[in-house]
Every structure is written in structure tokens, then in C-alpha cells.
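A.B. asks: I'd like to ask you about the structure that follows.
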Amino acid sequence: MGLIHLHPVIMTQLPSSEYSISLRAAAPEDAEFLYQVYAHTRYQELEHAPWTPQQVDAFLRMQFQAQATHYQTYYPNTSYDLVLVNGEPAGRLSVSREPGHLIIMDIAILPSFRGLGIGTILLRQTLDEAAAHHQRATIHVEKENPARRLYERLGFTQIAEDGIYYEMEWKAKE
């Protein structure tokens, strides 16, 4: 199966002192970019499926829409943000702010922006917010996702297992 058409994102590797990371609320015109980020996170698991690139794209678009509908229905207190690196869209961050609890619904950085510490910075800021409000934070991660090691380094611990996912929790040190 050939790679589905994912818009290329080109960025030269920048020293950490030469880039800025910011968030911007997602807008309707960001839908295609957000889909591209989602597709990049799912492509590897579908790369050997016996589907044409068009079938993979249709499946991923359906799953992307189903995820968005689920989040909006069951997590109404969620912020949906684009991650910007030097003003350029680089990923997405969605956090649901529940009473006493922050749920990191989604954090995804495009491959060309990985390895710069962006995810670490965003997660630390989110955990700082949780600590400031005396809240815990949780995240679900696929068991084989290498990001799990990052979450563990930041102090997350596994609290549940559900099929292919672990639920992980972070609590501020008292």
C-alpha cells in the first residue's frame, strides 16, 4: 500500500534557543491541518492494511470525525489548540478541564517537529496548571507508543489498562 497523501511539513532542525512554542485555539479553517496531524499519528498502524491510499484516507477521515464528535459530546470543557513553532502549525493539544482533574485528551506533534522538546514543554505547562489548581492530570496512551517513556519521566504512573491503552495519572508532589 502506498502512503496516503499527507501534506508535507518542512522545517529545518532549529536549536532549542531559536524557536518559540505557542498555542492558538483551533478554528474551523484548521480542520484539514488537524486531520493531517491525526493521520500522521495513525498511519503506521494502517501501513500494511490491504487498502488503497484512498480507502485509508476515507477511513482516517471517518475516524478523525468520530473522535472529534466523541470529544465534543462527552468532554465539553475541552480546549482544542494548535501547537505553533515560530508561528508555524506543528501539532495539536487538547485538554479537558474537569473539576479537580485535567485530562490530556490529545497531544500530537508532526514528525518533522519531534525531538525538539515541544511535547515535554507543553506537558510541563499543563502539569504546572494542574499543580497550581491542586488537580491531578491523566492521559491515555497506546501500550506501544514511545511517548509513554516521556510521560513516565514527567511523573505519570499507570493506573489502568484498557485493551491497547494504558491510563496514566500525574499528581503534584505534596
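What follows is calculated from the coordinates using simple rules that are stated; it is not laboratory data. Bear in mind that the values here come from a model prediction, so they are computed numbers and not experimental data. Heads up, the Cβs are rebuilt from the backbone with ideal geometry, glycines too, and the neighbour counts pull from every protein chain shown.
A.B. asks: Residue by residue through the range 132-154, note down the ones that are more than 16 Å from residue 108 (Cβ to Cβ), buried (at least 16 other Cβ atoms within 10 Å of the Cβ) and small (Gly, Ala, Ser).
C.D. replies: Across the range 132-154, the qualifying residue is only 137.
A.B. asks: Here's another thing I want to ask about it. Scanning for something surrounded by 15 or more Cβ atoms within 10 Å (Cβ to Cβ), in contact with a Pro (Cβ under 7 Å, 6 or more places away or on another chain) and in a helix (DSSP H, G or I), does the range 40-50 turn up at least one residue?
C.D. replies: So the first thing to find is which residues in the range 40-50 are surrounded by 15 or more Cβ atoms within 10 Å (Cβ to Cβ), and the list is 40-43, 46.
Narrowing further to those that are in contact with a Pro (Cβ under 7 Å, 6 or more places away or on another chain): 40.
From the residues that got through so far, the ones that are in a helix (DSSP H, G or I) too are 40.
Yes, the range 40-50 contains at least one residue that is surrounded by 15 or more Cβ atoms within 10 Å (Cβ to Cβ), in contact with a Pro (Cβ under 7 Å, 6 or more places away or on another chain) and in a helix (DSSP H, G or I).
A.B. asks: I need the full set of residues from the range 73-102 which are farther than 18 Å from residue 27 by Cα and surrounded by 20 or more Cβ atoms within 10 Å (Cβ to Cβ), in order please.
C.D. replies: 102, the sole residue that qualifies.
A.B. asks: Here's another thing I want to ask about it. Would you be able to tell me the number of residues in the range 70-123 that are part of a strand (DSSP E or B) and either under 12 Å from the mean Cα position of the chain (by Cα) or within 17 Å of residue 23 (Cβ to Cβ) (or both)?
C.D. replies: Step one: filter the range 70-123 for residues part of a strand (DSSP E or B), giving 78-85, 88-98, 101-109.
From what is left, the residues that are either under 12 Å from the mean Cα position of the chain (by Cα) or within 17 Å of residue 23 (Cβ to Cβ) (or both) are 78-85, 88-97, 102-109.
Qualifying residue count for the region: 26.
A.B. asks: Those residues that are basic (Lys, Arg) and either out of contact with any Phe, Trp or Tyr (no Cβ under 9 Å at 6 or more places or on another chain) or touching a residue at least 60 places away in the same chain (Cβ under 8 Å) (or both), I need them from the range 116-174; list them, please.
C.D. replies: Listed by number, the residues that qualify are 124, 149, 153, 171, 173.
A.B. asks: Against the conditions (1) assigned to a helix (DSSP H, G or I); (2) under 16 Å from residue 97 (Cα atoms), where does residue 139 fall short? Just the number, please.
C.D. replies: In the conditions (1) assigned to a helix (DSSP H, G or I); (2) under 16 Å from residue 97 (Cα atoms), residue 139 misses (1) alone.
A.B. asks: Which pairs have Cβ atoms under 8 Å, sit 6 or more apart or on different chains, and link a residue in the range 44-69 that is under 16 Å from residue 92 (Cβ atoms) and touching a residue at least 40 places away in the same chain (Cβ under 8 Å) to one that is surrounded by 12 or more Cβ atoms within 10 Å (Cβ to Cβ) and among the hydrophobic types (A, V, I, L, M, F, W, C)?
C.D. replies: 60/4; 60/39; 60/46
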